[in-house]
Amino acid sequence: MKTLNDVFLHTLQDIYYAENKLVKSLPEVREAANGKPLKDAIDEHLEETKGQVETLKKVFKSLGEEPSGEKCDAIEGLIKETEGLMKEATGDGKNAALIAACQAVEHYEIARYGTLREWAKELGHEEAHDLLTSILDQEKAANSKLTHLAISKIN
């Protein structure tokens, strides 16, 4: 990766891989959760994540690129950590641990989308900038919902 555009495309492939991986792993997290409020929040985020995958396809198209993923070590690690929590945590602590794990993913995504959005702007990719901004706003809202759920019902 020699140019900003190279880094932008690589990072876009990274987050595309991550979102697709989350679509596959969120149903397991939902299964591990206890209680309707957290299960509903995970269901909602799964549907939102599927929509984000579709939005990322539009980003690739706006750049004249085919959607493709590049293995994301960060999401692999966060999912592995979550799988450990699903096995080890019990009782009231389990849902708190799952929310914390979900928020770690949200924070990673917020960082990635914030960076991608600014790079798109710098590179003159207006449509990509707007699409990435919409995903970034969704990720921030999801994090806020998880915080509210943790404070109001779980913790």
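Throughout, read-outs are computed from the coordinates displayed, never taken from laboratory work. Please read these numbers as outputs of a predicted model, since none were measured by experiment. Positions of Cβ are backbone-derived with ideal geometry, glycine not excepted, and every protein chain shown enters the neighbour counts.
Here are some notes:
- From Lys71, Lys39, residue being more than 22 Å from Ala111 (Cα to Cα) and either in contact with a Lys or Arg (Cβ under 6 Å, 6 or more places away or on another chain) or outside any helix (DSSP H, G or I) (or both): Lys39
- Output for region 118-155, where each listed residue is of a type in the set (A, V, I, L, M) and over 17 Å from Val105 (Cβ atoms): Ala120, Leu123, Ala128, Leu131, Leu132, Ile151
- If the condition is being surrounded by fewer than 15 Cβ atoms within 10 Å (Cβ to Cβ) and either among the polar types (S, T, N, Q) or in a helix (DSSP H, G or I) (or both), then region 59-68 contributes Lys61, Ser68.
- Sole residue being crowded, with 18+ Cβ neighbours inside 10 Å, among the charged types (D, E, K, R) and farther than 18 Å from Ile135 by Cα, chosen from Lys87, Lys36, Lys71, Lys94: Lys94
- Every test in (1) surrounded by 14 or more Cβ atoms within 10 Å (Cβ to Cβ); (2) within 24 Å of Lys140 (Cβ to Cβ) is passed by Asn5 save one, and that test is (2).
- Residue in region 13-23 that is farther than 18 Å from Leu132 by Cβ, part of a helix (DSSP H, G or I) and in contact (Cβ under 8 Å) with a residue 24 or more places away in the chain present: yes
- Residues within region 127-155 that are within 16 Å of Ile42 (Cβ to Cβ), over 12 Å from the mean Cα position of the chain (by Cα), buried (at least 17 other Cβ atoms within 10 Å of the Cβ) and among the small types (Gly, Ala, Ser), tallied: 1
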